[in-house]
Amino acid sequence: MKLSKEKYQELVNELDYLTTTRRSEIAEELEYAKSLGDLSENAEYHEARDNQAKSEQRIGELQIILKDAEMLKPTKGGMADVGSTVTVKKKGAQKERAFMLVESEEADTAVGKISVVSPLGKCLVGRKEGDKATCKTPAGEVEYTIVKVG
């Protein structure tokens, strides 16, 4: 999986939090719940065990992602691909918009990061400056002009 430096560091920080702070918090929750007595009908204990399972599952996922992660590098040759910032102009729109093409794990439309498997992302991959692209979206077909690929 290709990740930006920012996303990679965010995942490293999450893993660090889960393996240190969160594990300690869950251990304390389990100790407290055990002190309440009968574990078979102890809601606090079962909740703490569920939290522990979810946390350990996420730790495993993060370890796999980080082990296989590659840092995004700007693409060469002016073709849009994972890691590219693509500036587009929607047909009929006044303003241009820039999007960074990323893997699904990193997609965040609020900050302009779109997944390469999203309808717009699929439509932009492999395009270069000056190309026109008709993208099939849930709202219908939309035509874009690729203004810049960086």
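The values are calculated or read from the model by the stated rules, or taken from the named source; none is laboratory data. Given the structure is predicted, the values throughout are model-derived calculations rather than measurements. Neighbour counts run over all protein chains shown; Cβ positions are idealised from the backbone, glycine included.
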Problem - Qualifying strands (runs of 3 or more DSSP E) (wholly inside the range 62-150; at least 3 residues being touching a Lys or Arg at 6+ places or on another chain (Cβ under 6 Å)) - result: 96-102, 140-149
Practice task
Using the structure shown, decide if residue 57 is out of contact with any Lys or Arg (no Cβ under 6 Å at 6 or more places or on another chain), of a type in the set (S, T, N, Q) and free of Cβ contacts under 8 Å to residues at least 24 places away in the same chain.
Solution key: yes
Handout entry: Some residue of the range 61-76 being more than 30 Å from residue 2 (Cβ to Cβ), surrounded by 15 or more Cβ atoms within 10 Å (Cβ to Cβ) and among the aliphatic types (A, V, I, L, M)
Key = no
Handout entry: Matching entry among 18, 11 (being under 23 Å from residue 109 (Cα atoms) and either in contact with a Gly (Cβ under 9 Å, 6 or more places away or on another chain) or of a type in the set (A, V, I, L, M) (or both))
Key = 11
Problem - Subset of the range 34-55 [surrounded by 14 or more Cβ atoms within 10 Å (Cβ to Cβ) and either modelled with pLDDT of 90 or more or under 28 Å from residue 15 (Cβ atoms) (or both)] - result: 44, 45, 48, 49, 51, 52, 55
Practice task
Kindly indicate the residue of the range 111-142 that is closer than 19 Å to residue 83 by Cβ and hydroxyl-bearing (Ser, Thr, Tyr) and also nearest to the chain's Cα centre (by Cα) among those meeting that condition.
Solution key: 115
Problem - Of all residues in the range 90-133 being surrounded by fewer than 19 Cβ atoms within 10 Å (Cβ to Cβ), within 27 Å of residue 63 (Cβ to Cβ) and among the polar types (S, T, N, Q), the one that is modelled with the lowest pLDDT - result: 104
